[in-house]
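Engineer: If you scroll down you'll find the structure; I have some questions about it.
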Amino acid sequence: MRTIHAAALLRRTLDEAPTTDAAVLVDGDRIAAIGPRDELVDAYPEVRVRRWAGTLGPALVHDGPLPAAPTPRERVHALFRTGATAVLAAQVTDPDLRAAAIRNGVVMLDTVRPPTVVEGGRADLAVFADDGTCLATVVAGRLVHRRA
């Protein structure tokens, strides 16, 4: 399934300045294209467009313990509410938590790596408000968190 995620601002890395009126075309679990919103919408008129307020960019890498919650599944979803889709494997040693993380598509890393939005890369995206609040999280092309 294809989806265009569009926002007033797009950040490809956490270090670079955002560009305006850009979008990301997601095809399945991959980023198929990145470009000006209007060009992508015109090129793919049949594709669903999700327009986000805030800044669209790469999902985060969480380098500490997963947030506390009553169940492993809820801990994973608490992670998604922060805009993170990757964790350090060393922080996910409990078998039930690890299973929940794997089921939900969380990437487990040996070391922290800078998150990026790149064509051909896995579609792990997050949208943040100006105050840093996570508005939406996409894991491997699936919308898993949207702030009400």
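The values are calculated or read from the model by the stated rules, or taken from the named source; none is laboratory data. Because the structure is a prediction, the values reported are computed rather than measured. For neighbour counting, all protein chains shown are included, and Cβ atoms are generated from backbone atoms with ideal geometry for every residue, glycine included. Note: accessible area is taken over every heavy atom of the protein model, side chains too, but ligands, DNA and RNA are not part of it. Shrake-Rupley method; radii C 1.70, N 1.55, O 1.52, S 1.80 Å.
Engineer: What number comes out for accessible area per residue over the chain if the probe is 1.4 Å? Units Å², please.
Structural biologist: Details: 7580 Å² over 148 residues.
So the chain comes to 51 Å² accessible per residue, rounded to a whole number.
Engineer: Computing the accessible area with a 1.4 Å probe over protein heavy atoms, can you report the carbon and sulfur percentage for the chain? Show your work: numbers first, answer last.
Structural biologist: Details: 3820 of 7580 Å².
Using a 1.4 Å probe with all protein chains present, the chain comes out at 50 percent carbon and sulfur.
Engineer: How far apart, in nm, are two points set 7 Å out from the Cα along the Cα-to-Cβ line at Ala78 and at Ala129?
Structural biologist: Result for the modelled spin labels: 2.1 nm.
Engineer: Same structure again: When the dipole is taken about the Cα centre of the chain, and only Lys, Arg (+1) and Asp, Glu (-1) are charged at their Cβ, what size is it in debye, to the nearest 20? Before the final figure, lay out each step's value.
Structural biologist: Values: 18 positive and 18 negative charges, 97 e Å.
The dipole of the chain has a size of about 460 debye.
Engineer: Sort Leu66, Leu60 by accessible area with a 1.4 Å probe, largest first.
Structural biologist: Numbers: Leu66 10, Leu60 50 Å².
So the residues, ranked largest to smallest area, are Leu60, Leu66.
Engineer: For a bin width of 5 Å, list the pair-distance distribution of the chain built from all Cα-Cα distances, rounded to whole %.
Structural biologist: Percent of pairs per bin, in order: 2, 11, 20, 23, 19, 13, 8, 3, 1, 0.
Engineer: Does a label point 7 Å from the Cα of Ala43, set along Cα-to-beta-carbon, have any residues of the stretch 56-95 with amide nitrogen under 12 Å, and which are they?
Structural biologist: Residues passing the 12 Å test: none.
Engineer: Further question: Pop out the ³J(HN,Hα) list for the stretch 18-35 in order, Karplus 6.51 cos²θ - 1.76 cosθ + 1.60 with θ = phi - 60°, rounded to Hz; leave Gly and Pro as x.
Structural biologist: x, 9, 9, 6, 10, 8, 10, 8, 9, 10, x, 9, 10, 8, 8, 7, 9, x
Engineer: Restricting to the chain, what percent of DSSP beta bridges are antiparallel, rounded to 5? Write down the numbers at each step before the final one.
Structural biologist: Details: 28 of 41 bridges.
Antiparallel bridges: around 70 percent, rounded to the nearest 5.
Engineer: What does the extension gain come out to for Asp29 and Arg51, with contour length at 0.36 nm per residue minus their alpha carbon separation? Please list the in-between numbers first.
Structural biologist: Working: separation 22, 0.36 × 22 = 7.92 nm, distance 1.88 nm.
So the chain would gain 6.0 nm between Asp29 and Arg51.
Engineer: Could you check the spin-label model distance between Arg98 and Thr116? Points 7 Å from the Cα along Cα→Cβ, value in nm.
Structural biologist: According to this spin-label approximation, the distance is 2.9 nm.
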